[in-house]
Amino acid sequence: MHIPDGFLDPRTLAGTAVMGVGAVGYATSRVKRELDEGRVPVLAAMSAFVFAAQMVNFPIAGGTSGHLLGGALLAVLFGPWAACLSLTAVLIIQALVFGDGGITALGANVFNMAVLGTLAAHLTYRLLSRGRTGFRPAAAFVASWVSVVAAAAAAALELALAGAIPLRVGLPAMASWHAFIGLGEGIITTVILAYLVRVRPGLLGVLRPKSAELPS
């Protein structure tokens, strides 16, 4: 769902960039205060995995691409703010080094995947878990699916606002493809989390910092 250069108008580029920068700035302040340095190596390792998973993509419609997201995996383990920073770093490297996603559209891609995708995953997981402790496989699966579809729908809406592709064309294409991709993401996320929790009991409680909570 990376949006390339040349598909968004200046107004859409500016608006998504402002929202993306604001969210990443807030996430940075939260993570600096609340994420234990001892958790950083684990976060880095999981970020590398997400980076590799996102590099496998294919074209869909309107110049966009489909791929796994990884936001739910990071959000469940580390909370939305650390997940936001992790995905932001992944997207920046992809754009600057591999040309995956436009430089001018970086703000839109960050907002869609690193911000909206991770927040949607976190809120869904927390809602379905209903405050219960421990790993909830069904909640992780649904959260993964929601995060992928939400990010894809946002990309389709931005392309429509910019006049690049009609919403009636872009939204069904993006939503349908990513609804299918979301099923795969849900399975992968759930399997990985179940394995991590099995080999390291209490992993979620150890890794999730206070920044996992949204501001009241």
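What number, in percent, do you get for the relative contact order of region 10-212 if the mean sequence gap of Cα pairs under 8 Å and at least 6 apart is divided by its residue count?
Rounded, it is 28 percent for region 10-212.
Note the direction-averaged projected area, equal to a quarter of the hull surface, for the Cα convex hull of region 10-212, in nm².
Computing the convex hull of the Cα atoms and averaging its projections yields 10.4 nm².
Excluding the sites themselves, what is the longest stretch of the chain that contains no trypsin sites (Lys or Arg not before Pro) in a DSSP loop with at most 15 other C-beta atoms within 10 Å?
Excluding the exposed sites themselves, the longest stretch runs over 1-129.
No lab work stands behind these numbers, since they all come straight from the coordinates. It should be emphasised that the depicted structure is a prediction, and the values quoted were computed from it without experimental measurement. We place every Cβ from the backbone using ideal geometry, glycine too, and count neighbours over all the protein chains shown.
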